[in-house]
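Worksheet: one structure, shown below.
No lab work stands behind these numbers, since they all come straight from the coordinates. Keep in mind it's a predicted model, so treat the numbers as computed, not measured. Positions of Cβ are backbone-derived with ideal geometry, glycine not excepted, and every protein chain shown enters the neighbour counts.
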Amino acid sequence: MPAVACGANTASKGPRVGRKQSEPNRTLGAWDPQSDGLIAACLNFRSHLVIKELEARIGKPVVTSTQVALRRLLRLARLDTLIDGFGRLMQEF
């Protein structure tokens, strides 16, 4: 899966994309259509606002560090809460 580097201080080897682009377009700058999904491993952008749109545009799962942290916290609290709009990960407990 491709990884997206975002933020001014990111030390990732992944592709860097400009901040002037909208969040979905910035993230898609690293997209490879042959991938199984997209990982945005960065807490420096509001991924929860665009996960649903990204998944619709690429037709594959999008996993973000924000989304994974939220899911883990819900599981630790033993909550089976499904959150619409936060991607497949938050819909498939």
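Numbers for the structure displayed
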read-out	value
Relative contact order %, region 23-90, counting alpha carbon pairs below 8 Å whose residues are six or more apart	34 percent
Simple label model, 7 Å out from Cα along Cβ direction - Ile83 to Val68, nm	1.6 nm
Karplus-derived 3J(HN,Hα), 6.51/-1.76/1.60, for each residue of region 73-87, Hz, glycine and proline x	4, 5, 5, 4, 7, 6, 9, 9, 6, 9, 10, 5, x, 9, x
Thr64 long-range amide H proximity, modeled H, under 5 Å	Ala40
Computed Kirkwood radius, in angstrom, where 1/r is averaged over Cα pairs of region 23-90	12.3 Å
